[in-house]
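The values are calculated or read from the model by the stated rules, or taken from the named source; none is laboratory data. This structure is a prediction, so every number in the text was calculated from the model and none was measured. A quick note on method: Cβ atoms are made from the backbone with ideal geometry, for glycine too, and the neighbour counts reach across all protein chains shown.
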Amino acid sequence: MAERRRPWWQRERRPAGRRTDPAAFQHVATADARDSRSSAVRWRWSRASVRFRATLYAVLVVAVALIGGAVVFVILVGASLRNGVEAAAEQRAAALAQQIETAGLPAPVSAEGAEPDDLVWQVADAYGTVVRSSQGLAEPLPAADLDEVRIAGGDNPYVVVTEEAGDFRVSVAASLEEVGESTEALIVPLLTGVPMLLVLVGFTTWTVLVGALAPVERIRREVEGITGDRLDRRVPVPPSRDEIHRLAHTMNQMLARLEDARTRQQQFVADASHELRSPLTSMRQAAEVAHAHPGALGEGELADAVVEESARMQRLVGQLLLLTRGEALNRTPQDVDLDDLALAEAGRLTRAGLTVETAGIGAGRVRGDATALAQVVRNLVDNAARHAERTVALAVRQGGGVVELVVEDDGGGIAEPDRERIFERFVRLDEARTRDAGGSGLGLSIVREMVAVHQGTVQVSASALGGARFTVRLPAE
């Protein structure tokens, strides 16, 4: 028994947009294949060498120029030759017309049926009947000027020129055979010379590029062998003073900067590890003594040692972090009054029992990071207080687009050979190497880093008070 057809409302319906149209699938497949081929071509072209692409571009450009020039040259030569033939025909027609008007018709010619000469003329009367001709032709010449026509009995095209002479009309036909032969004679050497010239251009371009890019390949091989452990290597600099010479020189400068940065980083890590090891060693020794000899340390002595060394380590870590955030400073600059910062530090020293001279503090406003500038003033003041005998002098003045901060002390001063070295990280002079008198050796390094971020300078010189004089110059607001 045949299965009954279900009503339309019980039939399964396909979602919209899911018809299987073979033509649509074929169109999509063709488009995908076309895109795939185009992507493959672009990928292969992008991997082609610079020499190949430059040579191909040069050959294509020269080929277009040569072919275009050859075509124009042939056309111009053909037009010039055609104009010459037409001018000769016009001169002959004018001469015949003048002869007819002055001396009558020329003598008749009896030859008929021969192959037309290069120059053929006919004279026809008012009824179109040929009364005179240079050569007997099976058919009369056209009665109007024509650029190109074939006459009876001739194998080559002719140009026809007409001239009126009273009741007569003179027609002159000049052969264009020499024009065609001359043009063909030009085409043959052009078809041979243009490809040879293109080959020469391609070979010359390739050779020149190989020589020009050879230093680049040597630089590439050298750079390929440079690793993080071999930053002392340099790329070869070609003797020519061109772009590749400047590129090699710039790369060597970059490698020198990278080597210097790596050296400074390694030195920084070594110095930081050494400085951090000291408080850790002190805390461990105190803990070991307390563990081995419970009664050797007094009450709270272990806790005091741990607190003191941990505070020292905290200050050191804070200074290290401050050095690393130099790149992040001054992103949101604001107006900062250096005189207010100097007066605040002067008040802090006064409470510590030192004599502070503030008569030289005047108005001075700069634009920058307030926290970083406050750290600069505090580090300089702490350094002066650490080495001062009794007096510290602070001064702030503004003029000539510069704000100057001066911090002086009456201590022992700084020898001239050490005035640049003290700004290096973890450098402490002999008199300040003890942990109690000296700091971590980072304070002045932080000063130089922060001042440099604010596009300023810091210098040290001898002070009139007998000690050191630190001068910070920053651009005014």
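Of the conditions (1) surrounded by 17 or more Cβ atoms within 10 Å (Cβ to Cβ); (2) over 50 Å from the mean Cα position of the chain (by Cα); (3) not in a strand (DSSP E or B), A144 clears all except one; give me its number.
(1)
For the range 218-242, how many residues meet the condition of being modelled with pLDDT of 85 or more and under 18 Å from A54 (Cβ atoms)?
1
Show me the strands (runs of 3 or more DSSP E) found entirely inside the range 379-477 where at least 2 residues are modelled with pLDDT of 90 or more, touching an Asp or Glu at 6+ places or on another chain (Cβ under 8 Å) and of a type outside the set (D, E, K, R).
391-399, 468-475
Given (1) in contact with a strand residue (DSSP E or B) (Cβ under 8 Å, 6 or more places away or on another chain); (2) without any contact (Cβ under 8 Å) to a residue 60 or more places away in the chain; (3) exposed (fewer than 13 other Cβ atoms within 10 Å of the Cβ), where does D155 come up short, assuming only one miss?
Only one criterion is unmet by D155, namely (1).
Conditions tested, residue by residue: (1) within 35 Å of the chain's Cα centre (by Cα); (2) surrounded by 16 or more Cβ atoms within 10 Å (Cβ to Cβ); (3) of a type in the set (A, V, I, L, M).
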position	(1), (2), (3)
D232	yes, no, no
E243	yes, no, no
H249	yes, no, no
M254	yes, no, yes
R257	yes, no, no
D260	yes, no, no
P279	no, yes, no
E288	no, no, no
A292	no, no, yes
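Without any contact (Cβ under 8 Å) to a residue 24 or more places away in the chain and over 50 Å from the mean Cα position of the chain (by Cα), is that true of G360?
no
Only one residue in A87, A54, A63 is in a helix (DSSP H, G or I) and under 30 Å from S175 (Cα atoms), so which one is that?
So the residue among A87, A54, A63 that is in a helix (DSSP H, G or I) and under 30 Å from S175 (Cα atoms) is A87.
Return the residue satisfying two criteria in turn: it lies in the range 145-164 and is at pLDDT 85 or above and of a type outside the set (D, E, K, R), and of such residues it is farthest from L81 (Cα to Cα).
Of everything passing the filter in the range 145-164, T162 is farthest from L81 (Cα to Cα).
Sort out which residues of the range 363-384 are within 45 Å of the chain's Cα centre (by Cα) and aliphatic (A, V, I, L, M), and write them in order of number.
Scanning the range 363-384 gives V366, A370, A372, L373, A374, V376, V377, L380.
Would you mind telling me which numbered condition in (1) within 30 Å of V194 (Cβ to Cβ); (2) surrounded by 11 or more Cβ atoms within 10 Å (Cβ to Cβ) V64 fails?
Of everything listed in (1) within 30 Å of V194 (Cβ to Cβ); (2) surrounded by 11 or more Cβ atoms within 10 Å (Cβ to Cβ), V64 misses just condition (2).
Restricting to the range 161-186, give me the number of residues that are among the aromatic types (F, W, Y) and surrounded by fewer than 18 Cβ atoms within 10 Å (Cβ to Cβ).
Adding up the residues that qualify gives 0.
I'd like the residue in the range 201-226 that is among the acidic types (D, E) and over 30 Å from A63 (Cβ atoms) and, out of all such residues, is surrounded by the fewest Cβ atoms within 10 Å (Cβ to Cβ).
Only one residue fits best here, namely E224.
With (1) out of contact with any strand residue (DSSP E or B) (no Cβ under 8 Å at 6 or more places or on another chain); (2) crowded, with 16+ Cβ neighbours inside 10 Å as the list, and E90 as the residue in question, which single condition is left unmet?
Here E90 meets the rest and fails (1).
Would you mind telling me which numbered condition in (1) closer than 22 Å to V59 by Cβ; (2) assigned to a loop (DSSP other than H, G, I, E, B); (3) not β-branched (V, I, T) D229 fails?
D229 satisfies every listed condition except (1).
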